Structure formats: structure tokens, C-alpha cells
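The values are calculated or read from the model by the stated rules, or taken from the named source; none is laboratory data. Bear in mind that the values here come from a model prediction, so they are computed numbers and not experimental data. With ideal geometry, Cβ positions are generated from the backbone for all residues, glycine too; neighbour counts draw on all protein chains shown.
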Amino acid sequence: MKSFPSCWNKTLSQLGFRRKLRKKGTQTHFGRRPLFENLEAREMLSATQYTVSTLEDVAIAGDSTDNRWSLREALNHSGADTQAGIDTITFAPGLEGKIVLSGTQLVLNKDVTIVGPGEDKLTVNGNLLSRVFQINTGVVAKISDLTITRGKVLGVNSGGGILNSGNLTLEQVLVSGNSSDEFGGGLHSVAGS
């Protein structure tokens, strides 16, 4: 009688199972039956949480050894693993005041949640030199509990405080004192929600 190859390796092995046959003498009248057992425990990837620990607007503040993060650096590092979920950026306890941008907007190009300590405790200030936040197309972003102010764009640019092309949620955010020569001094949403 001709033996046909099993589809075992193509399906169950890919799911993390291995084939273990019963010992001789323990067979049933149907023949040998395989036992199923897990090869190893699988862990779900988890999102990363960054804690901003300085009000300075520096591009390189934190690393794996000093754990010192600016808001700009946390945004640059967030979303490195797109399968792990949405990263969260929070602020160290007691960190209050103003983050004054150095002339370049903060760009959200990966899904992220930013949770401030309160709109009366933390201000992100564009210093009338740039827009404050830009949310890129396809990005899911949530910003809460902070103030966005003094963002400014000139010419045919819109959204002095925030330019949104993604899916943005604002909660307990004060958007005040921003300006644009075009549309949306505080916030302009282009093909976003």
C-alpha cells in the first residue's frame, strides 16, 4: 500500500505544534494517533510607554542608558514596532511648565497617545516660529491634558496650532493663541478626522 505524505508540517507546525506519536503498544484499533502539545509559550507584543522627563526641546535627550526623554525624542522613538499597539507618552510626576519649540514642529508620523499632566500644568509653545503639532496621513493620535499655544504658519500653510491629516482625538486640550495666514489658526484638518 502506498503511503501518502501528511499535511502535518504545512499547517499544524506553523501554528506552533509538534507531532508526538504514542509509544508502541498504546495504539488503538484505528492506528497510531498523534498527541498535540505546544512548543513554547507565545507572548503578545506590548506597546511602549515613554515618560518625558525634561521640558527642553531637544532631538536627542534620552537613550537606553540615561532614560532621559524630551517630548520630541519620545515622538521620534514611538511606534518603532507597528505590531505592538499604540505607544503612550506621559510626563514625569511634577514636570510642569512650558515646552518651547526651537522652530520646528512636532510631527506625529506613527500611532501614539500623548497624556499631559493637565492643561493648566503643561504648555507646548510654538514660540511663533512654527506650527506646534502635525499629524500625518493614516496616523491615529490622541492628545490630552495640555495646552497648545503660539503656533504660527505663514503663506499658504494652514493649522497654526495643529495640522491634522490623520485620525486625531483631543481631550481636555486648550488650543489658544495660534495663527495661520490660510485656514485654522488653532486647528486645521485636511482629509483627516
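Observations, loosely collected:
- Exactly one residue out of 166, 177, 155, 138 is within 16 Å of residue 124 (Cα to Cα) and among the small types (Gly, Ala, Ser), and it is 177.
- When residue 159 is tested against (1) surrounded by 15 or more Cβ atoms within 10 Å (Cβ to Cβ); (2) not in a loop (DSSP other than H, G, I, E, B), only condition (2) is not met.
- In the stretch 122-155, residue farthest from the chain's Cα centre (by Cα) [restricted to those that are in a loop (DSSP other than H, G, I, E, B) and surrounded by fewer than 18 Cβ atoms within 10 Å (Cβ to Cβ)]: 155
- Inter-residue pairs, beta-carbon under 7 Å, first on the phi > 0 side of the Ramachandran plot and in the stretch 170-192, second part of a loop (DSSP other than H, G, I, E, B) and charged (D, E, K, R), 6+ apart: 172/119; 177/150
- Test set (1) farther than 21 Å from residue 111 by Cα; (2) surrounded by fewer than 19 Cβ atoms within 10 Å (Cβ to Cβ); (3) not charged (D, E, K, R) - residue 185 fails condition number: (2)
- Only one entry in 88, 137, 104 is in contact with a Phe, Trp or Tyr (Cβ under 9 Å, 6 or more places away or on another chain), of a type in the set (Ser, Thr, Tyr) and modelled with pLDDT of 90 or more, namely 88.
- Test result for residue 94, at pLDDT 90 or above and assigned to a loop (DSSP other than H, G, I, E, B): yes
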